[in-house]
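Notes for the one structure printed next.
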Amino acid sequence: MRTERPEHLSDDATGDRSARRAVTVFPILVLAAGALGLLLPGGFTGWSESVPYLLGVVMFCMGITMTPEDFRGVVRRPWAVGLGLVAHYVIMPLLGWAVAHLLDLPPQLAAGVILVGCAPSGTASNVVTYLARGDVALSVSVATVSTLVAPLVTPPLTLLLAGEYLPVDAGSMVTDILKTVLLPVLAGVVVRLLAGRYVQRALPVLPWLSALTIAVIVAVVVAGSAEAIKSAAALVFVAVVLHNGLGLALGYGAGRLGRLGEPASRAMAFEVGMQNSGLAASLATAHFSPLAALPAAVFSVWHNVSGAVAAAWLSRRGR
């Protein structure tokens, strides 16, 4: 749910209200979609094959919001971006593995939690960073790089940490991430470069298109494992809350240890603790099972709720 340049949103109160509305409505929309999938699973029969294409729409929307400034930011601050990237792909995968062991999760759920941890940064992390009065430029740079390197990092990490639970075809996973993440993002960047004037008019609609698409993904994932949810929902919720909460705290701590300053440390918290759960759900459905995608579906709701709450607290503390 990446928005049109949060830096610009800060220029006026209208933009601030728009960003807050998007972050508030998104988890409610996703929660409603999950409830629909749980109550009417038959309505989504056969939809699982469409999940990768739906994710491609979300990633295209992300790519179309990118500008050359995002990439120049990486070059200007290689230490901060590099630290954010390493923290993201070290902290969250290891936390996922640790939570799976701590709670003694069944193999399908354990693999799903670990896969969430191995995913790139969440698509709403830059908006939440803005609301927390954090370093938005750093947030955008880390999210951009973590997404672009996902085909090289997510599959081997998943194989290393989740392989003890389920067989992992890392090669096939690389191909899927290239098709559903990297290519749509690059296509969006190209469209922005070639038709920037027309794209500018459509930018306000893109966050809502992304939110609706992610909601459909969650509904499909929940419908695919509706029966299992009744017995596993509480356990998955505990796993997600631990995973996300520790990720936010350790991400903030990594920024402080790296002496990046308060605004950048806030950005690090959300870049580490918020995940691209749509990608995790898509990969889990394709490579494991609908049940393995359940942690990603719950994470889709929870990390936006916890992110908004943490952003509000940090914003007040900043004042």
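The values are calculated or read from the model by the stated rules, or taken from the named source; none is laboratory data. The model shown is predicted, which means the values in this text are computed figures rather than measured ones. A quick note on method: Cβ atoms are made from the backbone with ideal geometry, for glycine too, and the neighbour counts reach across all protein chains shown. What goes into the accessible areas is simple: the full protein's heavy atoms, side chains included, and nothing from ligands, DNA or RNA. Shrake-Rupley method; radii C 1.70, N 1.55, O 1.52, S 1.80 Å.
Applying the criterion of at least 3 residues that are within 18 Å of Ile28 (Cβ to Cβ) and among the β-branched types (Val, Ile, Thr) to the helices (runs of 4 or more DSSP H) found wholly in region 211-319 leaves 294-318. Among the residues of region 23-72, those identified as within 26 Å of Gly196 (Cβ to Cβ) and acidic (Asp, Glu) are Glu69, Asp70.
Here the condition is being modelled with pLDDT of 90 or more, more than 21 Å from Gly84 (Cα to Cα) and β-branched (Val, Ile, Thr); of Val142, Val174, Val149, it holds for Val174 alone.
Residues in region 41-88 that are under 22 Å from Val272 (Cα atoms) and outside any helix (DSSP H, G or I): Thr65, Met66, Arg77. Considering every residue within region 158-174, establish whether at least one is part of a helix (DSSP H, G or I) and among the aromatic types (Phe, Trp, Tyr). Checked against the condition, which is being part of a helix (DSSP H, G or I) and among the aromatic types (Phe, Trp, Tyr), region 158-174 yields no hits at all. Between Ala132, Ala111, Ala119, the distinction of being in contact (Cβ under 8 Å) with a residue 60 or more places away in the chain, small (Gly, Ala, Ser), farther than 16 Å from Glu271 by Cα and buried (at least 23 other Cβ atoms within 10 Å of the Cβ) belongs to Ala111 only. Checking Val309, Val305, Val301 one by one, the residue that is in contact with a Pro (Cβ under 7 Å, 6 or more places away or on another chain), among the aliphatic types (A, V, I, L, M), farther than 11 Å from Val218 by Cα and open to solvent by 10 Å² or more (accessible area, probe 1.4 Å) is Val305 and no other.
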